[in-house]
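The values are calculated or read from the model by the stated rules, or taken from the named source; none is laboratory data. Just so it is clear, the model here is predicted, and its values are computed rather than measured. Methodologically, a virtual Cβ is constructed for each residue, glycine included, from the backbone with ideal geometry; neighbour enumeration extends over all protein chains shown. What goes into the accessible areas is simple: the full protein's heavy atoms, side chains included, and nothing from ligands, DNA or RNA. Shrake-Rupley method; radii C 1.70, N 1.55, O 1.52, S 1.80 Å.
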Amino acid sequence: MSTGVRRRMGVEERRQQLIGVALDLFSRRSPDEVSIDEIASAAGISRPLVYHYFPGKLSLYEAALQRASEDLASRFTEPHEGPLGARLLRVMGRFFDFVDEHGPGFSALMRGGPAVGSTTTNALVDSVRQAAYDQILSHLGVTEASPRLELVVRSWISLAESTALIWLDGRRIPRPELERQLVHDFAALAAVSAAYDEEMAAVLRGILREEPAESPLGELVGRLVALAS
């Protein structure tokens, strides 16, 4: 027969529970709109006990961002198998899964939130961007990027972020179309750069050489040829 007595959580277990509760609330509403009282209620503890584990909402928000940033960075990890276009499309699918699941929190982080501008927050955002950058270079088989390639990859990462924010404001374009378009955008940025730089041209030729006609990048080539004819 159950006594109804709750198991006492250890310090780290309680901290992780509070981070999970906060992240869930921040994912559904802007962090500015979530109070410590709501977090305490959702966790089944008192307000003073929340402050026992975290000095304030900012520190709890930063801890939640740490977990979210690790999750988001992991979405860019992809096996080096098959054509690049198909790999990027899978990455974009996981990226938009995250954006879909954490819309208000993602938007608050990128547009402005309780911890925006803090050293911790900036470092977390930069770590996700760097993880994405490193992953793309690894898929291209490049250890050290040329200045033009670095510009292409970092510009594309920024484009993916801004596209996700615009999409969250009404979701007016079907997600699968947007994910595919972003893969095409990567190739388009690379193609423009390749028109000015032979090193980038060699990178682009290497990419397209491995792309079958039915792949996302092969499809883009076909569409462009059709437009030019």
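Percent of accessible area on the stretch 119-229 owned by carbon and sulfur, 1.4 Å probe?
On the way: 3520 of 6170 Å².
Of all accessible area on the stretch 119-229, carbon and sulfur atoms account for 57 percent.
Per residue, the stretch 8-88 exposes an accessible area of 49 Å² to a 1.4 Å probe, with every protein chain left in place. The local environment of Thr120, defined by Cβ-Cβ distances under 12 Å, has a net charge of -2 under the rule Lys, Arg +1 and Asp, Glu -1. The long axis of helix 84-101 is offset from the longest Cα principal axis of the chain by roughly 30 degrees. What's the angle, to the nearest 10 degrees (0 to 90), between helix 119-140's Cα axis and the longest principal axis of the chain? Between the helix axis and the principal axis of the chain, the angle is about 30 degrees.
When all protein chains stay in place and ligands, DNA and RNA are ignored, the 1.4 Å accessible-area order of Leu58, Leu165, largest first, is Leu58, Leu165. Here the relative contact order of the chain, from alpha carbon pairs under 8 Å that lie six or more residues apart, stands at 21 percent.
Separation of the stretch 163-203 from the stretch 46-116 is 22 Å, based on Cα centroids. Axis angle, to the nearest 10 degrees, between helix 216-228 and the longest C-alpha principal axis of the chain: 50 degrees. Counting only protein heavy atoms, what percent of the accessible surface of the stretch 1-87 is carbon or sulfur at a 1.4 Å probe? On the stretch 1-87, the fraction of accessible area on carbon and sulfur atoms equals 53 percent. Considering every Cα-Cα pair within the stretch 170-229, what fraction, in whole percent, is farther apart than 19 Å? Roughly 36 percent, once rounded to a whole number. Please grab the % of Cα pairs in the stretch 33-87 that end up more than 16 Å from each other. Roughly 57 percent, rounded to a whole number. The magnitude of the dipole of the chain, with charges of +1 and -1 set on the Cβ of Lys/Arg and Asp/Glu and taken from the Cα centre, is near 820 debye. For Arg87, the accessible surface of its heavy atoms amounts to roughly 30 Å² (probe 1.4 Å, protein chains only, rounded to the nearest 10). For semi-axes √(5λ) of the Cα gyration tensor in Å, computed directly from the structure shown, the correct entry in (i) 42, 17, 16; (ii) 28, 21, 17; (iii) 44, 18, 15 is (i).
If Lys and Arg each add +1 and Asp and Glu each add -1, what is the summed charge of the other residues whose beta carbon sits under 14 Å from the beta carbon of Val50?
Neighbour charge sum, excluding Val50 itself: +2.
Under the convention that each Lys and Arg Cβ holds +1 and each Asp and Glu Cβ holds -1, the size of the dipole of the stretch 133-215 around its Cα centre is about 280 debye.
Computed over the alpha-carbon atoms, the stretch 137-183 gives an Rg to Rh ratio of 1.10, Rh here being the Kirkwood radius from the mean inverse distance. Counting only DSSP H runs of at least 4 residues, each contributing -39500 (n - 2.57), and dividing by the residue count of the chain, the helix-based mean residue ellipticity at 222 nm comes to -24000 deg cm²/dmol.
Projecting the Cα atoms of Leu109, Leu65, Ala22 onto the charge dipole of the stretch 1-110 (Cβ charges, centred on the Cα centre) puts Ala22 farthest toward the positive pole. Couplings for the stretch 153-169, taken from phi via the Karplus curve 6.51 cos²θ - 1.76 cosθ + 1.60 with θ = phi - 60°, read 5, 5, 5, 5, 4, 5, 5, 4, 4, 5, 5, 4, 5, 5, 4, 4, 7 Hz in order; Gly and Pro are left as x.
Mind putting a number on the dipole of the stretch 85-197 about its Cα centre? Charges go on the C-beta only, +1 for Lys and Arg and -1 for Asp and Glu, and I need it in Debye to the nearest 20.
Details: 11 positive and 13 negative charges, 40 e Å.
For the stretch 85-197, the charge dipole is close to 200 debye.
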